[in-house]
Amino acid sequence: MKRTPFNAFLKSQAKRRTRNKRFLAWVIIMPILFMGCLNLIWGEDSVQPNISVLNRDDSNYSKIAMSVLRNQDNLNVNEVSSLEEGVEKLRDGDSEAFLVIPSDFGEKWREISKDEEYESIVFDVYHSLEGQEEELLDMLIKGIISDINSYVEGERKRPVEVTTRRLELDGGSTSNMLLPAGISIVIVHIGVYASSSDASRIVDHNISKRLKISPKKPINSILGIITIDSIFTAIAGIIALISGLILFEMNISLNIFILSIVLFITSSFIFNMIGHIIGKVSDVQTSSQSISSMFVFPILFFTQAYLFSWLFPDYVTKITQYLPTYPLVDGMRKLYFYSPSAIEYLLLLFINSIWVIGLIAIIYFLGDRRD
């Protein structure tokens, strides 16, 4: 690389950041601790699957079936009062499956007991699992049904059957959305606070004039600072991703991992530039921290509202689509759970590029006006 004042400045900025132990600890340790806290609060604390059960029959036979379910050592069973409540528990990640005991359970069982020809009793089981998880659930439910048959009728008959139905739940579940939720908080928080603090320090101590790196257009030196900080912010996002994948026991392909890194880098530029603008306007570090908080907390609120859309009114979640966090959170949601097309992914990067160009224009205006 040709030695120029700008390259020398980038190198010195990178060295300054790597020598700052508190900053490195913030970039490396904070994402791990944050994802760990999310896992402790919301992560699974038991290997036993949670099964919701709707008993639409009020006979003694269905009560026996419920008793068999509750006595299963490998299940956590909770009874719900309606089909809507059972599906909502699936959506929120409170249940891995939702089983429905039909309203004619007792009536059909009495016919079976007469040793006459009978129709099988069918339990509907709803779930949102895929692949091997779906196969394991199918085996588990069939084992439970076998226990109900043996418990009520001994070895003579097998009158109860099961039909599994996979549901496509829009918006994902609470447990699924923890990964993108945590990563978005890490990137927004570190990006804004790091650059706002840096920019206010430069303004406060009049460093930009003493550096004399780009006397005519200080925009180059400013973008150099933002570039270095954006790299560290993206690294923090990658650490949060790896920590989340381990803690939440999720797997993603190498392609999705690489696409995530590209999304993290472009988004980090946006939030570091926003942080720089806040620091530039603030002049002193104390006020930059206050203004950063006023910006970060509402942004993160609407971001989480978008990820957990089923908990918020529609108008709240729609606001996020006009915020700079939208490409990041929507990109992660689609990458990790919905397999976006190349056009959808490139569209999100395009939106990011619009934000980058607009923020560079604002930074150029502020630099030209005040330096």
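Quick look at the numbers
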| quantity | calculated |
| --- | --- |
| Any hit, the range 301-319, residues being surrounded by 22 or more Cβ atoms within 10 Å (Cβ to Cβ), touching a Gly at 6+ places or on another chain (Cβ under 6 Å) and of a type outside the set (D, E, K, R) | no |
| Boolean, residue 358 is closer than 16 Å to residue 184 by Cβ and either in the same structural domain as residue 179 (by TED's automatic domain parsing) or at pLDDT 95 or above (or both) | no |
| Some residue of the range 287-296 being at pLDDT 90 or above, in contact with a Phe, Trp or Tyr (Cβ under 6 Å, 6 or more places away or on another chain) and surrounded by 21 or more Cβ atoms within 10 Å (Cβ to Cβ) | no |
| The range 326-344: number of residues that are outside any helix (DSSP H, G or I) and hydroxyl-bearing (Ser, Thr, Tyr) | 3 |
| Index of the failed condition, residue 281 passing every other in (1) surrounded by 14 or more Cβ atoms within 10 Å (Cβ to Cβ); (2) at pLDDT 80 or above; (3) within 20 Å of residue 230 (Cβ to Cβ); (4) among the hydrophobic types (A, V, I, L, M, F, W, C) | (2) |
| Pairs with Cβ under 6 Å, 6+ apart, first in the range 97-113 and farther than 23 Å from residue 78 by Cα, second surrounded by fewer than 22 Cβ atoms within 10 Å (Cβ to Cβ) | 109/61; 111/118; 112/118; 112/159 |
| Total residues in the range 232-264, condition farther than 24 Å from residue 36 by Cβ and touching a residue at least 24 places away in the same chain (Cβ under 8 Å) | 2 |
| Pair list, Cβ under 6 Å, 6 or more apart: the range 9-26 residue of a type in the set (D, E, K, R), other residue at pLDDT 70 or above and surrounded by fewer than 14 Cβ atoms within 10 Å (Cβ to Cβ) | none |
| Residue under evaluation residue 239, criteria (1) at pLDDT 90 or above; (2) in contact with a Leu (Cβ under 8 Å, 6 or more places away or on another chain), criterion not met | (2) |
| Helices (runs of 4 or more DSSP H) completely within the range 229-325 that count 2 or more residues being more than 25 Å from residue 18 (Cα to Cα) and under 14 Å from the mean Cα position of the chain (by Cα) | 285-307 |
| Which numbered condition residue 249 misses (of (1) on the phi > 0 side of the Ramachandran plot; (2) surrounded by 17 or more Cβ atoms within 10 Å (Cβ to Cβ)) | (2) |
| Set 309, 341: member being touching a residue at least 60 places away in the same chain (Cβ under 8 Å) and of a type in the set (Gly, Ala, Ser) | 309 |
| Failed item in (1) farther than 17 Å from residue 336 by Cα; (2) buried (at least 24 other Cβ atoms within 10 Å of the Cβ), with residue 266 passing the rest | (2) |
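The values are calculated or read from the model by the stated rules, or taken from the named source; none is laboratory data. Values in this document were obtained by computation on a predicted structure and should not be read as measured data. Don't worry about glycine lacking a Cβ; one is built from the backbone with ideal geometry, like all the others, and counts go over all protein chains shown.
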